[in-house]
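Below is one structure; the comments refer to it alone.
Derivation of every value follows stated rules applied to the coordinates shown; laboratory data play no part. Since we're looking at a predicted model, the values are computed, not measured. Reconstructed Cβ throughout: ideal geometry from the backbone, glycine too, with neighbour counts over all protein chains shown.
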Amino acid sequence: MPLRLLRFGLTRQHPEPRMFTQHDELKSSYDVVIIGAGGHGLAAAYYLARDHGITNVAVLEKGYIGGGNTGRNTTIIRSNYLTPEGVQFYDESVRLWQDLSQDFDLNLFYSTRGHFTLAHTDAAMRTMRWRAEVNKHYGVQSEAVDAKSVQDAVPMMDISCGGHAPVVGALYHAPGAVARHDAVAWGYGRGADRRGIEIHQKTEVLSIETTDSGSGPAISGVMTNRGRISTKKVLCAVAGSTPRMLSMVGLTSPLYIHPLQAMVSEPVKPWLDPIIVSGSLHVYVSQTARGELVMGASLDPYELHATRSTLDFTESLSMHMLEMFPFLGDVKVVRQWAGMADMTPDFAPIMGKTPIKGFYLDSGWGTWGFKATPVCGKTMSHTVATDENHTLITGFGLDRFRRYALTGEKGAASVGH
Amino acid sequence: MKIMTCPINGPRLISEFAYAGELKEMPDPTQVSDEQWADYVFNKNGPAGIKREWWCHTASGVWFIAERDTTRDVIMRTYLYQAEVALT
């Protein structure tokens, strides 16, 4: 038994330090209110305190820390996108990821695995070459590889996929990685907490108040189930609840909510090192350090504001998994779940300033938000602190739809094109 | 939500149906500004609630309207599209 545990058990005078400070009351005003204590909201809080010295901040969370899409994704991190905006943005994110564990003094189990996006047709292979060239142009390690390279990296895979959709090649992205998602929220949360930022869980935003500032509406406060707060700046980072928040301030957006489901198998011996994605078979899969296979597919086919699971999903995903990995026939699925993905028509996020002064959005992260957590925190904290959009997010504004200037990030959802 | 009722073919498995988005009234493209047109094309009624949507029974090609509660994943009713119904 570890000595520390023994001491704790015997003396009862050394309670374990909690990860976060529990605040009994909300203050009557804050410089910044962040709605949503998921990875994105807490990362913004952390960088506001660390890089901008703004610590009079409250992070409000209706549920618990990291209980939304931060804890529901399949933890894949990559930057092999298609548009220049996308590639540069996610590449910055991957760089931030790589030394986050040191930054936090908390092990995120960041594990660089390599990432194969399989191509089953010549047309798909053409897209892979295109993505590889865009990536290389911006200094991101990506290359188009042949089927043999895939087979060498994953000897257990049936490269013919049961004969239905033989693999002809892949886009290989060496920096592709996985990390422990809860720890990301906790690390950012603890870092923000230690710098004086208040995290309030079980605190629901009921309404957002605006006043006329002379040059259009401006944020003046937030009403919660634990009382009213005055503030001039609100950052909204609530994924699937974004449309409801927008309706509180009278904004409309193209966001629509579809559930994204995922599932996990029982632990098996390590056999799958890289992350495998197949757009044609609607599968992405990686193996965790514990040996579980984490699997996801594409979005549910209709709008829904709930996190229910369906048997259809498990059946179709398992079927496609078996096409690639027939030997998994006896392996059991032990958990499945869903998150509410906030989708946009062009598969790029909606970030930055809005027509309401002091109201900042970090949304539209659909099925690709986890990997962007650090860079969203960085860019949104800059945007909130200076009231100017960070240069990396200028292509992602809400006003792009009004101007018909869509970003068109088809590499956004790895199985969505 | 496993079973949906097609107004023509009766109750069927949900896998036979395709969702085609919320029912929207198209403004007259010759009359509206670019901004109003963008609002029609892109913006959606995003928050949860009971919504009126286009669905298609793909096996028979029947297009119809479904009223659905997006919070509880429950279909309230389905019926064939009629302009006067849609406008209410």
Query - Top-ranked residue in region B:5-51 [being over 28 Å from residue A:399 (Cβ atoms) and hydroxyl-bearing (Ser, Thr, Tyr); ranked as farthest from the chain's Cα centre (by Cα)] - result: B:15
Query raised in the report: Any idea which of (1) away from every other protein chain (no Cβ under 14 Å); (2) among the hydrophobic types (A, V, I, L, M, F, W, C); (3) outside any loop (DSSP other than H, G, I, E, B); (4) within 21 Å of residue A:155 (Cα to Cα) is the one residue A:289 doesn't satisfy?
Result: (3)
Query raised in the report: Just one of A:44, A:119, A:58, A:49 is among the small types (Gly, Ala, Ser) and closer than 22 Å to residue A:347 by Cβ; which is it?
Result: A:119
Query raised in the report: In region A:145-158, which residues are free of Cβ contacts under 8 Å to residues at least 40 places away in the same chain and either crowded, with 20+ Cβ neighbours inside 10 Å or in a helix (DSSP H, G or I) (or both)?
Result: A:147, A:148, A:149, A:150, A:151, A:152
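Any idea how many residues of region A:351-397 are within 18 Å of residue A:341 (Cβ to Cβ), part of a helix (DSSP H, G or I) and in contact with a strand residue (DSSP E or B) (Cβ under 6 Å, 6 or more places away or on another chain)?
Residues of region A:351-397 that are within 18 Å of residue A:341 (Cβ to Cβ), as a first pass: A:351, A:361-373, A:376, A:396.
Narrowing further to those that are part of a helix (DSSP H, G or I): A:370-373, A:376, A:396.
Now drop any that are not in contact with a strand residue (DSSP E or B) (Cβ under 6 Å, 6 or more places away or on another chain), which leaves A:371, A:376, A:396.
Within region A:351-397, residues that are within 18 Å of residue A:341 (Cβ to Cβ), part of a helix (DSSP H, G or I) and in contact with a strand residue (DSSP E or B) (Cβ under 6 Å, 6 or more places away or on another chain) number 3.
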Query raised in the report: Counting only residues that are of a type in the set (Ser, Thr, Tyr) and more than 8 Å from chain A (Cβ to nearest Cβ), which one in region B:4-54 is surrounded by the most Cβ atoms within 10 Å (Cβ to Cβ)?
Result: B:5
Query raised in the report: Here is a list of conditions, (1) within 14 Å of chain B (Cβ to nearest Cβ); (2) outside any strand (DSSP E or B); (3) in contact (Cβ under 8 Å) with a residue 60 or more places away in the chain, and residue A:258 meets all of them except one; can you say which number that is?
Result: (2)
Report summary line: Of the residues in region A:292-307, those that are within 14 Å of another protein chain (Cβ to nearest Cβ), charged (D, E, K, R) and farther than 9 Å from residue A:261 by Cβ come to A:303
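Residue by residue, here is whether (1) within 14 Å of chain B (Cβ to nearest Cβ); (2) acidic (Asp, Glu); (3) in contact with a helix residue (DSSP H, G or I) (Cβ under 9 Å, 6 or more places away or on another chain); (4) surrounded by fewer than 16 Cβ atoms within 10 Å (Cβ to Cβ) holds:
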{"site": "A:216", "(1), (2), (3), (4)": "no, no, no, yes"}
{"site": "A:220", "(1), (2), (3), (4)": "no, no, no, no"}
{"site": "A:223", "(1), (2), (3), (4)": "no, no, no, yes"}
{"site": "A:228", "(1), (2), (3), (4)": "no, no, no, yes"}
{"site": "A:238", "(1), (2), (3), (4)": "yes, no, yes, no"}
{"site": "A:241", "(1), (2), (3), (4)": "yes, no, no, no"}
{"site": "A:245", "(1), (2), (3), (4)": "yes, no, no, no"}
{"site": "A:248", "(1), (2), (3), (4)": "yes, no, no, no"}
{"site": "A:251", "(1), (2), (3), (4)": "yes, no, yes, no"}
